[in-house]
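Enquirer: Take a look at the following structure, please.
The values are calculated or read from the model by the stated rules, or taken from the named source; none is laboratory data. Just so it is clear, the structure is predicted and the values come from calculations on it, not from any experiment. Neighbour counts are summed over all protein chains in view; Cβ atoms, including those assigned to glycine, are modelled from backbone coordinates with ideal geometry. Only protein heavy atoms, including side chains, enter the accessible area calculation; ligands, DNA and RNA are left aside. Shrake-Rupley method; radii C 1.70, N 1.55, O 1.52, S 1.80 Å.
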Amino acid sequence: MAVCVAVIAKENYPLYIRSIPTENELKFHYMVHTSLDVVDEKISAMGKALVDQRELYLGLLYPTEDYKVYGYVTNSKVKFVMVVDSSNTALRDNEIRSMFRKLHNSYTDVMCNPFYNPGDRIQSRAFDSMVTSMMIQVC
Amino acid sequence: MADAALFEFLHTEMVAELWAHHSDPGPGGQKMSLSVLEGMGFRVGQALGERLPQETLAFREEVDILKFLCKDLWVAVFQKQMDSLRTNHQGTYVLQDDSFPLLIRMASGLQYLEEAPKFLAFTCGLLRGTLCILGIKSLVTASVASLPTCKFQVVIQKT
């Protein structure tokens with residue numbers, strides 16, 4: 001279960017960022033911001049690799065003592081960043097991948113919505129409820 | 001499936017409707033209809049550019065993206081592939097379709113040549129929108145020498 005989910009546009013500003021309500025949400029925003037550097041590094045490393053299968057899922061970006069940060073990038077260079085609680089019984093890679101896949105599908109639906117202008121903040125309730133289903137219940 | 005026919009009819013009506021509003025078709029009025037059509041195509045292209053590419057990061061170079069347009073995008077929208085893709089290796093690509101589905105029902109030859117450009121505006125926008133969402137700023141224009149063959153010229157804008 002994620003603790004913070006963020007969708008970052010190609011130009012590196014947030015389209016959507018949501019964390020579980022705690023007293024210090026700013027630290028999650030900061031973590032997401034610092035993880036962007038790691039994402040960029042991974043993307044450029046992938047560009048140089050001659051592997052045929054370059055994946056959208058970037059894997060663990062960096063671990064801190066309490067949290068782990070995972071990344072995913074789409075073909076349109078929109079990034080998804082997810083912060084997960086380390087103490088949580090280790091979430092398997094497959095589960096993280098499937099969470100990202102759900103995020104990607106919901107993001108694609110938001111893009112196809114004619115009332116959404118690409119580049120705006122995401123205000124879709126359907127997207128909100130999908131993210132809620134991925135986040136921990138705090139109370 | 002009836003999808004192809006439905007899209008063709010919808011497109012024909014879109015062009016007719018946007019053209020009809022300008023009962024006094026001075027050059028300014030015409031340009032606005034074309035840019036509205038192109039703008040519609042642009043937004044649709046952006047959505048398709050998000051939905052169509054497969055799971056892997058397949059676009060290593062610019063020419064890969066152009067090939068995606070010619071194959072996957074064209075097949076998804078028009079149920080056929082583009083017939084030829086040429087480039088001058090300096091940022092200009094010419095995509096040629098020898099039997100463009102939106103023109104094929106109109107004529108085959110030189111009849112209605114003056115009417116053809118407005119039926120290509122939406123598709124130009126479609127190409128520009130998909131390129132934009134995949135990271136390429138471009139300018140797309142279309143030309144018809146004889147129906148139903150048409151050429152789309154894509155000029156990549158280097159910033």
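Enquirer: Scan segment B:122-142 for residues that are within 11 Å of the chain's Cα centre (by Cα) and either among the charged types (D, E, K, R) or more than 20 Å from residue A:118 (Cβ to Cβ) (or both) and jot them down.
Expert: Here is the first cut: in segment B:122-142, the residues within 11 Å of the chain's Cα centre (by Cα) are B:122-130, B:140-142.
Selection gives B:128, B:141, B:142.
Enquirer: Residue B:71 - would you say it is farther than 14 Å from residue B:45 by Cα and of a type in the set (D, E, K, R)? Before you say what the answer is, go through the steps one by one.
Expert: Numbers: farther than 14 Å from residue B:45 by Cα: yes; of a type in the set (D, E, K, R): yes.
So residue B:71 fits the description; yes.
Enquirer: Among (1) surrounded by fewer than 13 Cβ atoms within 10 Å (Cβ to Cβ); (2) in contact with a strand residue (DSSP E or B) (Cβ under 8 Å, 6 or more places away or on another chain), which single condition is residue A:98 missing?
Expert: Every condition holds for residue A:98 apart from (2).
Enquirer: For segment A:1-66, list the strands (runs of 3 or more DSSP E) that sit wholly inside it and hold at least 2 residues that are within 14 Å of chain B (Cβ to nearest Cβ), surrounded by 15 or more Cβ atoms within 10 Å (Cβ to Cβ) and in contact with a Lys or Arg (Cβ under 6 Å, 6 or more places away or on another chain); which are they? Spell out how you get there, then give the answer.
Expert: Values: elements: A:2-8, A:14-19, A:57-63.
Hits in segment A:1-66: A:57-63.
Enquirer: Kindly provide the set of residues from segment B:78-95 that are in contact with a helix residue (DSSP H, G or I) (Cβ under 8 Å, 6 or more places away or on another chain) and closer than 28 Å to residue B:2 by Cα, ordered by number.
Expert: If the condition is that a residue be in contact with a helix residue (DSSP H, G or I) (Cβ under 8 Å, 6 or more places away or on another chain) and closer than 28 Å to residue B:2 by Cα, then B:78, B:79, B:80, B:81, B:82, B:95 are the ones that fit.
Enquirer: Could you tell me whether segment B:45-60 includes any residue that is more than 14 Å from chain A (Cβ to nearest Cβ) and at pLDDT below 90?
Expert: We begin by selecting, within segment B:45-60, every residue more than 14 Å from chain A (Cβ to nearest Cβ); these are none.
Among the residues of segment B:45-60, not one is more than 14 Å from chain A (Cβ to nearest Cβ) and at pLDDT below 90, which makes the answer no.
Enquirer: Follow-up question, since we're still on this one. Note down all Cβ pairs under 8 Å where the first residue falls in segment A:1-29 and is closer than 11 Å to residue A:81 by Cα and among the acidic types (Asp, Glu), the second is surrounded by 14 or more Cβ atoms within 10 Å (Cβ to Cβ) and modelled with pLDDT of 90 or more, and they're at least six residues apart or on different chains.
Expert: The qualifying pairs do not exist here.
Enquirer: Could you please give the count of residues in segment A:107-127 that are closer than 13 Å to residue A:6 by Cα and either within 14 Å of chain B (Cβ to nearest Cβ) or surrounded by 14 or more Cβ atoms within 10 Å (Cβ to Cβ) (or both)?
Expert: 3
Enquirer: Against the condition within 11 Å of chain B (Cβ to nearest Cβ) and among the charged types (D, E, K, R), how does residue A:79 come out, does it pass?
Expert: Numbers: within 11 Å of chain B (Cβ to nearest Cβ): no; among the charged types (D, E, K, R): yes.
So residue A:79 does not fit the description; no.
Enquirer: Every residue in segment B:1-34 that is open to solvent by 80 Å² or more (accessible area, probe 1.4 Å), modelled with pLDDT of 75 or more and among the acidic types (Asp, Glu), please.
Expert: Those that are open to solvent by 80 Å² or more (accessible area, probe 1.4 Å), modelled with pLDDT of 75 or more and among the acidic types (Asp, Glu): B:3, B:13, B:17.
This table checks each residue for (1) closer than 21 Å to residue B:11 by Cα; (2) within 14 Å of chain A (Cβ to nearest Cβ).
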| residue | (1), (2) |
| --- | --- |
| B:81 | yes, no |
| B:87 | no, no |
| B:107 | yes, no |
| B:116 | yes, no |
| B:130 | yes, yes |
| B:147 | yes, no |
| B:152 | yes, no |
